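Colleague: One structure is given below, represented as structure tokens, and several questions about it will come after.
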């Protein structure tokens, strides 16, 4: 079974609003990453947070990590139509930190 | 700067045919990966190569073989294609496996249909 699962599966908001996506995982991790995928394209790395970090910022992105709850959230502030994409969390996993597991994604639609 | 290049972009096969998906990266990365993505789902790891000369199974290796030809190239072979292998295949590379150097860079994907 997959290591990471995102919630919600789909999210529709107006331009200017904030978007929050959540990710849960099952085992201990070294780090957690978030990726974006535009329709029909490959994935693009957004941000990495290490297991000993609790929060990280990059531009309009804010990621939190709660290792006690095995969960992470991605907040996109002041969303734009160009943020419309699918967002995936990805982690390594206890037992084999060389392997990489992606969640099933949150499909974000930002309406202009 | 090409990054990760996959060929072909599209392919249609008949059941039982074989084919090789090619992947090359120009970032001098040590690690390379093959994933498949089925509709509405995340990516599942098929095989990975932590470094030149090594390959290991991922989550869904059955029906596939890989070759790390050199540091730049990592190919995925379907020996006898099945309809269940209809998917979009992505190649990725990273500086290293594990840890903070495992930021992955993806190719544009190969859309494969097996009839």
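Every number here is computed from the coordinates shown, using simple stated rules; none is lab data. On a predicted model such as this, the values are computed, not experimentally measured, just so you know. Glycine gets a Cβ as well: all are built from the backbone with ideal geometry, and neighbour counts include every protein chain shown.
Colleague: Compare the peptides B:73-81, A:65-73 by average per-residue count of other Cβ atoms within 10 angstrom and give them in order, highest first.
Modeller: Peptide ranking by packing, descending: B:73-81, A:65-73.
Colleague: Based on the alpha-carbon gyration tensor of chain A, what equivalent-ellipsoid semi-axes (square roots of 5 times the eigenvalues) come out, in whole Å, largest first? Before the final figure, lay out each step's value.
Modeller: On the way: eigenvalues 111, 42, 26 Å².
In descending order the semi-axes read 24, 14, 11 Å.
Colleague: Where the Cα atoms of chain B are projected onto their three principal axes, how long is each span, largest first, in whole Å?
Modeller: Reported extents, whole Å, longest axis first: 39, 28, 27.
Colleague: So, in nm, how far is label residue B:111 from label residue B:69 when the simple model puts each one 7 Å beyond its Cα toward the Cβ?
Modeller: 2.5
Colleague: Between residue B:10 and residue B:84, what is the FRET efficiency for a Förster distance of 25 Å, r being their Cβ-Cβ separation, to the nearest 0.05? Please list the in-between numbers first.
Modeller: Values: r = 19 Å, r/R0 = 0.75.
In this case the efficiency is close to 0.85.
Colleague: Could you give the length gained on full extension between residue A:39 and residue A:81, defined as 0.36 nm per residue of separation minus the Cα-Cα distance, in nm? Display every interim value, and only then the final one.
Modeller: Values: separation 42, 0.36 × 42 = 15.12 nm, distance 1.34 nm.
Result: 13.8 nm gained on full extension.
Colleague: Give the peptides A:36-44, A:54-62, A:77-85 in descending order of average Cβ contacts within 10 Å, highest first.
Modeller: Details: A:36-44: 16.9, A:54-62: 12.8, A:77-85: 15.2.
Highest to lowest by the protection proxy: A:36-44, A:77-85, A:54-62.
Colleague: Compute the distribution of all C-alpha to C-alpha distances in the protein assembly as shown, in bins of 5 Å from 0, and list the percent of pairs in each, rounded to whole numbers.
Modeller: 1, 7, 15, 19, 19, 16, 12, 7, 3, 1, 0
Colleague: On average, how many beta carbons from a partner chain sit within 10 Å of the beta carbon of a residue in B:47-56? Kindly include the intermediate steps, with their values, before the conclusion.
Modeller: Values: counts 0, 3, 0, 1, 0, 0, 0, 1, 0, 3.
Across B:47-56, the average partner-chain Cβ count within 10 Å equals 1.
Colleague: Same structure again: Give the percent of DSSP beta bridges with both residues in chain A that are antiparallel, rounded to the nearest 5.
Modeller: In chain A, DSSP labels about 90 percent of beta bridges as antiparallel.
Colleague: Just checking the output field for B:95-108: average partner chain Cβ neighbours within 10 Å of each residue's Cβ?
Modeller: Across the residues of B:95-108, the mean count of other-chain Cβ atoms within 10 Å is 5.
Colleague: How large are Rg and Dmax for segment A:45-93 when only the alpha carbon atoms are used, in Å?
Modeller: In order Rg, Dmax, the Cα atoms of segment A:45-93 give 11.5, 34 Å.
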